[in-house]
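Below is one structure, written out as structure tokens; the observations come after it.
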Amino acid sequence: MIQRTNNSEVKKLNRNRVFRYINSKNRTSMPDIAAALDMSGPTVLQIVKELREAHVICEAGEFESTGGRKAKALAAVRDARYAVGIEITRNHIGMVLTDMTETVLKHNRMRKAFTYEDEYFKQLGAALEEFLGEDKAVRDKIAGVGISVPSIVDSTENHITYSRALDLYDIDGEVFSRHIPYPCVLINDANAAAATECIADRQLESMIYLSLSNTVGGAVVFRQENGQEEPGSPLGSVFENMYIGKHWHSGEFGHMIIHPGGKTCYCGKKGCVDAYCSALCLAEYADGYLERFFDRMEDGDLELVKVWEDYLDDLAITVDNLRMCFDCDIVLGGYVGSLIGPYIKELQKKVAEKNIFEGGGAYVRACRYQKAASALGAAVYYIENFINSI
Ligand SMILES: [Zn+2]
């Protein structure tokens, strides 16, 4: 009995690996799959048959012959499932539609101040309806709607324990999905954005995502560093690889103290990262607009040049602390991370000076997705779930 269970688990795992491999390629062939995943021809043949019967892969022409019989090309059915990601912030609602490619098919962002009232959630449902439009083929295949919120979220209970940005405490997540006719889940915004960075890589590596928005947060992505590469399952389920912590508080890097007795943080402590590295620390010098801060600094405003220099010093301390704790790449996201690209070398130089082990600073980089990162990550949650079920 136990043996049988194990066999079926191995079969499912193999089927999953084959599907992930096919989905990661434009087109591939059975010999390619067998070679890449180190599987026998008959095993691949059987799995391909099952995946075709499940309508998640299809034939996509033939490859040019290299002497023998032409190999049939296989591809994933891109529209086997769709998913939507909604990104809720204090003043905006962003929406993203994705499919099996886990890329942005459609994106919309509207200005809408968050209020904890049924009217807001009704309008959220209406905005989703409008976003999806009339296309029944899409609607019928929606696996779910992931909702990214700037909050500490207990995802198993679908419960917001705390959100400073939305001013919410102990809220049942069900209110967010009350007017949405699809399966929904609430996801912490930094975790969602970190998931997007992982899929941008197509390889899951351990990573710290440091979100530098109006508050500072982050996510911890762990990959088993056992040296065993698993081609065909580059991501596994990215959400399962996040370290959440005992009370869903992991990654709250904004409240690490970098200047004891320093500026007062909104949490009440003195000297927190948040008080020095949030996007607001820069935007407050430019009428509340972060882009304007960078524009004016580029125009030679010496006060802002100094502010930026100090900001980078504090960010370098934070990044170095994270590197000492986790020994992995650090990705800068959020509002500042989206604009830091031109200055990343300067930051790398500062962190390199603190790096007692390797001496370099290349381990810190800017995020790859500047727009809609959290919305896409929230949508990816449902695509990954679907892929896991294959
Ligand atoms: Zn704090």
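Assign one of three labels to segment 83-149, namely rounded, prolate or oblate, based on the Cα gyration tensor with a ≥ b ≥ c the square roots of its eigenvalues; rounded applies when a/c is under 1.5, prolate when it is not and a/b is larger than b/c, and oblate otherwise. Judged from the Cα gyration tensor, segment 83-149 comes out prolate (a/c at least 1.5, a/b above b/c).
Calculate, in whole percent, how much of the Cα-Cα pair population of segment 310-370 lies beyond 18 Å.
So the portion of pairs separated by more than 18 Å is 25 percent.
What translational D, rounded to a whole number of µm²/s, comes out for the chain from Stokes-Einstein when the hydrodynamic radius is the Kirkwood one over Cα pairs, at 37 °C and 0.692 mPa s? After rounding, the answer is 145 µm²/s. The order of the peptides 143-152, 76-85 by mean Cβ neighbours within 10 Å, most packed first, is 143-152, 76-85. Can you tell which of ASN26, ASN14, GLY41 lies farthest toward the positive end of the dipole of segment 2-76, using +1 and -1 charges on the Cβ of basic and acidic side chains (Lys, Arg; Asp, Glu)? My answer, from the dipole projection, is ASN14.
Using Cβ point charges alone (K and R +1, D and E -1), the dipole size of the chain about the Cα centre works out to roughly 1180 debye. By the rule of a C-alpha distance below 16 Å, with chain neighbours fewer than 8 residues away ignored, the lysines paired with LYS72 are LYS25, LYS49. The antiparallel fraction among DSSP beta bridges confined to the chain stands at about 65%. Let me check against my output: what whole-number percent is the relative contact order of the chain, with C-alpha pairs under 8 Å and at least 6 apart? About 18 percent, as a whole number.
Among the DSSP beta bridges whose two residues both lie in segment 202-366, what percent are antiparallel, rounded to the nearest 5? Write down the numbers at each step before the final one.
Details: 9 of 17 bridges.
Of the beta bridges lying entirely in segment 202-366, close to 55 percent run antiparallel.
According to the Kirkwood relation over distinct C-alpha pairs, the hydrodynamic radius of segment 2-76 is 12.8 Å.
Summed over the residues of the chain and divided among them, the accessible surface reaches 49 Å² per residue at a probe radius of 1.4 Å. The mean sequence separation of alpha-carbon pairs under 8 Å and at least six residues apart, normalised by the residue count of segment 9-158, gives a relative contact order of 19 percent.
Are there any helices in the chain, counted as whole DSSP H runs, that stretch 15 Å or more along their axis by Cα and score at least 0.0 on average by Kyte-Doolittle, and if so which? Before the final figure, lay out each step's value.
Numbers: long enough: 2-24 (33 Å, -1.30); 41-53 (18 Å, -0.08); 118-132 (21 Å, -0.17); 189-201 (19 Å, 0.24); 302-326 (36 Å, 0.37); 344-354 (16 Å, -1.07); 373-389 (24 Å, 0.70).
Going by DSSP H runs, the hits are 189-201, 302-326, 373-389.
Among the protein heavy atoms of the chain, carbon and sulfur supply 49% of the accessible surface, probe 1.4 Å, non-protein parts ignored. Using equal-weight Cα scatterers in the Debye expression, the normalised intensity of segment 1-158 in log10 at q = 0.09, 0.14, 0.17 Å⁻¹ is -0.47, -0.85, -1.01. Say the dipole of segment 202-366 comes from +1 at the beta carbon of Lys and Arg and -1 at that of Asp and Glu; which of MET297, GLY251, LEU312 then lies farthest toward its positive end? Going by the Cα projections, it comes out as GLY251. Within segment 296-390, the chymotrypsin sites (Phe, Trp or Tyr not before Pro) that combine a DSSP coil assignment with at most 10 other C-beta atoms in a 10 angstrom radius are PHE357. Radius of gyration (Cα atoms) of segment 202-366, expressed as a multiple of 2.2 N^0.38 Å: 1.09.
The values are calculated or read from the model by the stated rules, or taken from the named source; none is laboratory data. Model, not experiment: these values are computed from the prediction. Every residue, glycine among them, receives a Cβ derived from its backbone with ideal geometry; neighbour counts consider all protein chains shown. Surface areas here come from the heavy atoms of the whole protein model, side chains and all, with no ligands, DNA or RNA. Shrake-Rupley method; radii C 1.70, N 1.55, O 1.52, S 1.80 Å.
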